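Worksheet: the structure to be examined is printed underneath.
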Amino acid sequence: MSDTLYYVIPCYNEEAVLPETAKRLEEKMNDLIRRDVIRQDSRVVFVNDGSKDSTWDVIVRLHEGNPLFSGINLSRNRGHQNALLAGMMTVAEYADMIISMDADLQDDIHACDEMIAKYYEGCDIVYGVRSSRKKDTFFKRFTAQSFYRTMDRLGAKTVYNHADYRLMSRRAVQALGEFREVNLFLRGMVPLLGFRTDTVYYERGERFAGESKYPLKKMVSFAVEGITSLSTTPLRMISWSGFFIFLVSLIILVYSLIRHFTGHTVVGWTFLAVSIWGIGGLILLSLGIIGEYVGKIYLETKQRPRYIVEEYLDDAHGYRL
Ligand code: UDP
Ligand code: MG
């Protein structure tokens, strides 16, 4: 007896790739169903994250053509992480296992065979990890890998080179739903869940069509989001740098006193000017970091909904707000 699989795919302005993604997933799903690896009522769910192009129309057409495809329309753009969570939470009660994947076919869809096999062996979470990033541009590879390393040093445990291609069992997804934070960084949150976990390696390809929806600005804010969500080490670093600077100022004081009593007055305002600017800069930076956390607390206390599903297109359990 096989289990029900739901593929959850966040889509933001993906009209260029969706038809191809759908075609390949349809073949894959049909094959899995035929081999009785997954149940007949399995689905591919596209989450439209407030796209500005015709992505939603494409999804509606796919759904009309084949009930294998269902769609979730969010009321506006909320970003990759929220779209993913919206999809997973909406389908959690119908699926035994959920695989999340990007729309752009950069992740090898055949890696799911191994993921599903591990699920049947009893794993609740299976991470897809890129064995190489040869196809990424040097810039993307460099920024992404520095990001994973920084996260690690700051004590925020993430799975190295794992994006959001992963399989989760229903109970793991439901446990994730218990995490109430509004600032989402799923690849840092999932490892906190526990459960039996495993990894599957795959080669990351190029985007099939369209452009990356993660320009540098979004990547930087995603990194800041990740670090401040998972780690308070930056705050500790502020305390340490404050302590260190205080020590330096003591040394300078002693030095000045010695110079004074030996008859040499400390000369030069350069030194003073540099100190003022240096310390001023550090103070501002520290305030900025504290501000990041305070801002986060502010947003969390509002307890705003993390996403709003406007419409869920599905033959069996769809609805509309
Ligand atoms: N995405 C989304 N909302 C956004 C930005 C991106 O749902 O605001 C989706 C996008 O459609 C894709 C996935 O998130 O399926 C990853 O985006 P992308 O492939 O552009 O990122 P990259 O692979 O370049 O890091
Ligand atoms: Mg991509």
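Looking at (1) at negative phi; (2) within 16 Å of ligand 1 (Cβ to nearest atom), which one does Lys157 not meet, given that it meets all the others?
(2)
Answer yes or no: is there a residue in region 278-301 that is under 29 Å from Leu186 (Cα atoms), touching a residue at least 40 places away in the same chain (Cβ under 8 Å) and not in a helix (DSSP H, G or I).
No, because not a single residue in region 278-301 is under 29 Å from Leu186 (Cα atoms), touching a residue at least 40 places away in the same chain (Cβ under 8 Å) and not in a helix (DSSP H, G or I).
Based on what the data block shows, is Gly177 surrounded by 11 or more Cβ atoms within 10 Å (Cβ to Cβ), more than 16 Å from ligand 1 (Cβ to nearest atom) and either more than 29 Å from Gly295 (Cβ to Cβ) or within 19 Å of the chain's Cα centre (by Cα) (or both)?
When the stated conditions are applied, Gly177 passes them.
How many residues does region 83-105 contain that are over 24 Å from Glu206 (Cα atoms) and within 12 Å of ligand 1 (Cβ to nearest atom)?
Result for region 83-105: 3.
Might you check whether a residue that is under 20 Å from the mean Cα position of the chain (by Cα), within 16 Å of ligand 2 (Cβ to nearest atom) and either within 14 Å of Ile9 (Cβ to Cβ) or in a loop (DSSP other than H, G, I, E, B) (or both) occurs anywhere in region 90-98?
No, the conditions are met nowhere in region 90-98.
Which condition does Asp49 not pass, out of (1) buried (at least 24 other Cβ atoms within 10 Å of the Cβ); (2) farther than 14 Å from Glu311 by Cβ, if it passes all the others?
(2)
Does Lys28 satisfy the condition of being among the basic types (Lys, Arg), away from ligand 2 (no atom under 16 Å from the Cβ) and either closer than 20 Å to Asp107 by Cα or crowded, with 23+ Cβ neighbours inside 10 Å (or both)?
Spelling it out, Lys28 is indeed among the basic types (Lys, Arg), away from ligand 2 (no atom under 16 Å from the Cβ) and either closer than 20 Å to Asp107 by Cα or crowded, with 23+ Cβ neighbours inside 10 Å (or both).
Given the residues Glu20, Glu26, Glu14, which is the only one that is of a type in the set (Asp, Glu) and more than 16 Å from ligand 1 (Cβ to nearest atom)?
On inspection, the qualifying residue turns out to be Glu26.
Suppose we filter Ser229, Ser221, Ser239, Ser249 for residues that are closer than 30 Å to Glu14 by Cα, out of contact with any helix residue (DSSP H, G or I) (no Cβ under 7 Å at 6 or more places or on another chain) and part of a helix (DSSP H, G or I); which single one remains?
Going through Ser229, Ser221, Ser239, Ser249 in turn, just one is closer than 30 Å to Glu14 by Cα, out of contact with any helix residue (DSSP H, G or I) (no Cβ under 7 Å at 6 or more places or on another chain) and part of a helix (DSSP H, G or I): Ser221.
It is to be established whether one or more residues within region 202-210 are surrounded by 13 or more Cβ atoms within 10 Å (Cβ to Cβ) and modelled with pLDDT of 85 or more.
Scanning region 202-210 turns up at least one residue that is surrounded by 13 or more Cβ atoms within 10 Å (Cβ to Cβ) and modelled with pLDDT of 85 or more.
Just one of (1) away from ligand 2 (no atom under 16 Å from the Cβ); (2) in contact with a Pro (Cβ under 7 Å, 6 or more places away or on another chain); (3) not hydroxyl-bearing (Ser, Thr, Tyr) trips up His80, so point out which.
Answer for His80: the failing condition is (1).
Starting from residues that are farther than 13 Å from Tyr165 by Cβ and not small (Gly, Ala, Ser), keep the ones in region 99-125 and report whichever is nearest to the chain's Cα centre (by Cα).
Per the criteria, the residue is Asp124.
Taking into account only those residues within region 99-138 that are within 16 Å of ligand 2 (Cβ to nearest atom) and of a type in the set (Asp, Glu), which is farthest from Glu27 (Cα to Cα)?
Residue satisfying both the conditions and the ranking: Asp136.
Return the only residue of Phe138, Phe69, Phe142, Phe147 being out of contact with any Ser or Thr (no Cβ under 8 Å at 6 or more places or on another chain), touching a residue at least 60 places away in the same chain (Cβ under 8 Å) and among the aromatic types (Phe, Trp, Tyr). Walk me through it before giving the result.
Working: Phe138 fails: touching a residue at least 60 places away in the same chain (Cβ under 8 Å); Phe69 fails: touching a residue at least 60 places away in the same chain (Cβ under 8 Å); Phe142 fails: touching a residue at least 60 places away in the same chain (Cβ under 8 Å).
After applying the criteria, what remains is Phe147.
The values are calculated or read from the model by the stated rules, or taken from the named source; none is laboratory data. Just so it is clear, the structure is predicted and the values come from calculations on it, not from any experiment. Methodologically, a virtual Cβ is constructed for each residue, glycine included, from the backbone with ideal geometry; neighbour enumeration extends over all protein chains shown.
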